[in-house]
Amino acid sequence: LAIIVEVAALLLSGYGAVSKGVSYMPEMDSTQISISLEMPDGAKLEDTVAMSESIIEKVGAMKEVETVGAMLSSGTAAMFGMSTDASTTRVSMYAILHEDKERTSQEIAAEINDMYADADCTVTASGSDMDMSALGGSGVTLNITGNDIEKLQELASKAAEKLSQVEGISEVDDGMDNPSPELKITVNKEKAMLNGLTVAQIYAEIAQNISSASTATSITSDGKDFDIIVEDGADDEITRDSIRNYEFTVTDRSADSGMALGGEAKEPEKKKIKLSEMAEIEDTFTLSAISRENHKRYISVSGTIAEGYNVGLVSNDAEKAFSDFDVPDGYEIKFAGENETIMDAMKQLGLMLALAILLIYLIMVAQFQSLKSPFIVMFTMPLAFTGGFIALILTDKELS
């Protein structure tokens with residue numbers, strides 16, 4: 001009866017604790033808040049400084065804040081003076097809090113985020129001493145692997161839209177930050193051959209003309225390097241608009257190439273043909289960087305967890321939502337992020353726990369000179385887990 005009650009209590013308390021969800025690292029209160037400011041592209045240094053001074057003034061006026069500092073840089077390295085980022089649009093700040101503060105650092109950081117939610121710039125405040133997401137990945141992340149970049153972008157866009165519909169997901173990133181504009185030229189081989197050209201010849205001539213400019217030297221101003229470009233003024237500059245009307249000089253094979261009067265060979269006639277007549281030209285976007293894992297290209301689609309939701313429960317809902325997601329042959333979707341880190345950590349902890357129990361059992365076998373007597377002591381271990389699970393339930397804390 002005692003063993004049955006013990007096992008039942010363990011199972012019920014374990015289910016109750018796990019049903020609240022799991023997390024990799026719990027939120028911890030801190031005496032410091034990290035604040036990052038990112039101005040829109042093209043913002044001047046004076047605008048960045050004025051905005052940062054405004055934030056310092058407002059944050060410094062909060063009763064829990066003791067000191068506020070700012071550095072014209074970005075990233076964690078800036079906090080230790082190791083950043084080489086000379087950006088004039090990013091500022092890293094910190095706020096030291098009073099030790100006898102009434103609110104937690106997370107609550108104060110949330111108020112700062114709400115304060116600048118509608119601002120033209122991006123202000124992000126964090127209430128922890130360090131970003132725990134750097135240890136295990138933040139939120140829900142899924143990696144889409146495959147070979148064709150355009151197909152990966154299409155799948156990433158669809159996956160991001162589906163992930164945004166999962167309850168508990170706040171912000172979704174489709175993995176295509178700052179895509180680079182691209183002019184895609186698809187040459188019609190048959191039309192090119194009729195004009196005596198090959199695909200390679202067309203690409204080579206275009207490449208030669210658009211890369212005619214060369215860098216002679218560079219100068220440095222305000223911490224930034226600028227290249228000095230030398231161009232041939234005799235050639236017309238090719239732009240995204242004019243490239244469609246770029247003309248190739250080809251031999252007119254439709255003209256009469258027979259003998260001229262007097263028996264002399266007739267010179268073949270030349271004609272101009274536009275690139276748009278032999279190729280399809282369209283404006284597209286491509287990735288600014290290509291990520292690879294095991295020699296396969298992939299795009300990461302991620303979503304942050306909304307306030308009040310648990311990453312483990314939301315990740316389970318996301319995996320269910322993607323169970324019927326249509327993935328073409330040769331492509332694969334694999335979940336990553338914080339939940340997968342939690343599962344890996346639990347697996348490693350389970351193996352270490354089993355090894356520890358075995359070693360303790362062997363030690364007691366040597367002490368008691370018996371294989372059965374140590375079990376009397378070992379059967380008390382489930383009670384320790386039961387007490388821990390019940391404590392989590394009573395204090396409304398998630399397993400981490």
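What the table shows:
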| item | result |
| --- | --- |
| Matching residues, the stretch 11-29, being out of contact with any strand residue (DSSP E or B) (no Cβ under 8 Å at 6 or more places or on another chain) and among the small types (G, A, S) | S13, G14, G16, S19 |
| Given (1) free of Cβ contacts under 8 Å to residues at least 60 places away in the same chain; (2) under 30 Å from E182 (Cβ atoms); (3) loosely packed, with under 11 Cβ neighbours inside 10 Å, number of the condition D283 does not satisfy | (1) |
| Enumerated strands (runs of 3 or more DSSP E) restricted to the stretch 287-339, each holding at least 1 residues that are modelled with pLDDT of 85 or more | 296-305, 332-337 |
| Single condition S302 does not satisfy, out of (1) under 21 Å from the mean Cα position of the chain (by Cα); (2) polar (S, T, N, Q); (3) surrounded by fewer than 16 Cβ atoms within 10 Å (Cβ to Cβ) | (3) |
| Residue among I360, I376 that is open to solvent by 80 Å² or more (accessible area, probe 1.4 Å), over 18 Å from L142 (Cβ atoms), of a type in the set (V, I, T) and at pLDDT 90 or above | I360 |
| Positions within the stretch 41-76 being open to solvent by less than 60 Å² (accessible area, probe 1.4 Å), over 25 Å from E338 (Cβ atoms) and in a loop (DSSP other than H, G, I, E, B), in sequence order | A43, M62, E64, S73 |
| Test result for T395, among the polar types (S, T, N, Q), closer than 26 Å to Q106 by Cα and open to solvent by 70 Å² or more (accessible area, probe 1.4 Å) | yes |
| Long-range neighbours under 9 Å by Cβ, at least six apart or interchain, first residue closer than 15 Å to V65 by Cα and at pLDDT below 85 within the stretch 104-128, second basic (K, R) and surrounded by fewer than 20 Cβ atoms within 10 Å (Cβ to Cβ) | none |
| Selection status of A391, of a type in the set (G, A, S) and out of contact with any Lys or Arg (no Cβ under 9 Å at 6 or more places or on another chain) | no |
| Top-ranked residue in the stretch 184-202 [being out of contact with any strand residue (DSSP E or B) (no Cβ under 6 Å at 6 or more places or on another chain) and open to solvent by less than 50 Å² (accessible area, probe 1.4 Å); ranked as nearest to K274 (Cα to Cα)] | A192 |
| Subset of the stretch 82-93 (residues that are open to solvent by 40 Å² or more (accessible area, probe 1.4 Å) and either over 19 Å from T124 (Cβ atoms) or at pLDDT 90 or above (or both)) | M82, T84, A86 |
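Here is a yes/no grid of residues against (1) more than 19 Å from A109 (Cβ to Cβ); (2) at pLDDT 90 or above:
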site: S19; (1), (2): yes, no
site: V22; (1), (2): yes, no
site: E27; (1), (2): no, no
site: S30; (1), (2): no, no
site: M39; (1), (2): yes, no
site: G42; (1), (2): yes, no
site: S52; (1), (2): no, yes
site: K58; (1), (2): no, yes
site: A61; (1), (2): no, yes
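The values are calculated or read from the model by the stated rules, or taken from the named source; none is laboratory data. It should be emphasised that the depicted structure is a prediction, and the values quoted were computed from it without experimental measurement. A quick note on method: Cβ atoms are made from the backbone with ideal geometry, for glycine too, and the neighbour counts reach across all protein chains shown. With ligands, DNA and RNA removed, areas are computed over all heavy atoms of the protein, side chains included. Shrake-Rupley method; radii C 1.70, N 1.55, O 1.52, S 1.80 Å.
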